Amino acid sequence: MSKANQNNLRPPEKALENSSLRNLVAGTASLVGEAFFAGFIENLAQAFGAQFALASELISKEPMRVRTVAFWQNGILGQNFEYNLQSTPCDCVYGKGLSYFPENLQALFPDDKDLVTMGVNSYFGIPLISSYEEVIGHICILGVDPVADSPFAEEYLRIFAARAAAELQRLKTERDLVKHKDHLQDLVTKQTLHLQSALHEAEVANHAKTEFLTRMSHELRTPLNAILGYTELVTEDAHELLPQNRQLIDKIRMAGVHLNYLIDELLDISQIELGKVRVDLRQCHVNSIIRDCIALVIERAKKHNVSIQYNSDINNFTHIMADSARLKQVLINILVNGIVYNSPGGIVDITVNRVPQTDTVRITVTDNGPGIARENLDKIFEQFERLDAPTKCIDGAGVGLAIAKQLMGLMGGTIGVESEKGKGSTFWLEFASA
Ligand code: ADP
């Protein structure tokens, strides 16, 4: 209120007693949000004996526009509404601060037709200021007679304004939080949908790759079988061949056999991926399976000048539940790796034992080859991961260990590796004894 206006103040009549503030506190203490403002505006109107009272929040700065959060008219709560501040007495409150127009209101604001409709002549308003010193709204009272007709009017209105500003700021913060939460939820939903669709696309692509591998492997099989078959026929008449041609045909046969092995691996991995591989679990003699595997790789070991050692701490009657063909496939892959990745003169050591105080049988294959860096130990079980094998010209498709891991899972066993670069590798298989 300006100093000039203060001269117009008269002692309170029936309104603005101490009970007004007590009523404000008691009537709004446990209320928040819109309920608070409904109680607040009633107390404000009654305290000043005003016919109209409103509390607003600023919703736009250009143009200056507000929305009421509570509106009191002639003894009842009215509908909330929005309005532009221009040409209204409220504009002075937002622009200059506390404003009092004791009388002649309609003449002072001729463009504000609502003043005529309401039939009011007097206005008293104050801005609501946030803790960041921003004007966030205002409260005002309007009446036919001068509405701030008390020496305490300004003080009382400031107390009301402080309470309303605190609640309006709290309400806005709460709304902002809800908005942020909604925005976050929106983001999470969008991201989830995005990930789901990316996952679906990846699954479709992976399925297509698997189908392609299966089809190609079958397609390659037919001409390869012809190559191997004809090679076989030609070598049957080996006595008619020149020695150098016999050697060449032998190379063709060996390359064909190797290609056949790679195709088998590709078919295996694609069948496993399509969930088409079944294992036939039966009681298997561990020692005899290991001996069979050694017999199958011994020639290869000799060729690489790698020796194979075998120690068994279990008796010949120790059984495990496994699919013997699939277990041999896993074990041969590990043994062959221990041979081909080793250096001439290297050793591959196989031991079998029971893990102390458990029913578990453990087959361990240790080599003294180049070893595997710690950070690559998980990678080698991934499909098509060959680390630096191609640079060393060692053949392979990079799926043997991926197949081994899947097969071990299907058989209810586990596979693992311990290794360090330059210190050899130890692969182990574990099964519950049957
Ligand atoms: P492949 O032998 O066909 O490449 P694997 O899945 O059997 O495929 O092996 C994956 C990779 O793990 C190999 O390419 C090699 O780099 C590494 N690896 C496997 N076994 C050994 C081993 N005993 N010593 C060193 N590296 C090995």
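Quick notes on this structure:
- For region 375-393, the set of residues classified as within 7 Å of the ligand (Cβ to nearest atom) and touching a residue at least 24 places away in the same chain (Cβ under 8 Å) consists of Ile380, Ala389, listed by residue number.
- Strands (runs of 3 or more DSSP E) within region 78-139 that include 2 or more residues in contact with a Lys or Arg (Cβ under 7 Å, 6 or more places away or on another chain) and assigned by TED's automatic domain parsing to the domain that holds Ala53: 82-84
- Scope region 230-246; condition surrounded by fewer than 11 Cβ atoms within 10 Å (Cβ to Cβ) and assigned to a helix (DSSP H, G or I); matching residues: Leu233, Glu236, His239, Glu240, Pro243, Gln244
- Tally, over region 46-65, of residues that are closer than 18 Å to Ile129 by Cβ, of a type outside the set (Gly, Ala, Ser) and buried (at least 24 other Cβ atoms within 10 Å of the Cβ): 1
- Residue count for region 105-154 satisfying the condition of being in contact (Cβ under 8 Å) with a residue 40 or more places away in the chain, crowded, with 22+ Cβ neighbours inside 10 Å and of a type in the set (Val, Ile, Thr): 4.
- Selection count where residues are in a helix (DSSP H, G or I) and surrounded by 15 or more Cβ atoms within 10 Å (Cβ to Cβ), scope region 265-290: 13
- Residue in region 81-90 that is crowded, with 18+ Cβ neighbours inside 10 Å, free of Cβ contacts under 8 Å to residues at least 24 places away in the same chain and of a type outside the set (S, T, N, Q) present: yes
- Output for region 181-222, where each listed residue is closer than 18 Å to Leu274 by Cβ and among the acidic types (Asp, Glu): Glu203, Glu211, Glu219
- The set of residues in region 157-189 that are among the β-branched types (Val, Ile, Thr) and free of Cβ contacts under 8 Å to residues at least 60 places away in the same chain comprises Thr173, Val178, Val188, Thr189.
- Test: residue in region 399-420 that is more than 24 Å from Thr360 (Cα to Cα), touching a Pro at 6+ places or on another chain (Cβ under 9 Å) and within 11 Å of the ligand (Cβ to nearest atom): no
The values are calculated or read from the model by the stated rules, or taken from the named source; none is laboratory data. What you see is a predicted model; the values in this text were computed from it and never measured. In this analysis, Cβ positions are derived from the backbone assuming ideal geometry, glycine residues included, and neighbour counts consider all displayed protein chains.
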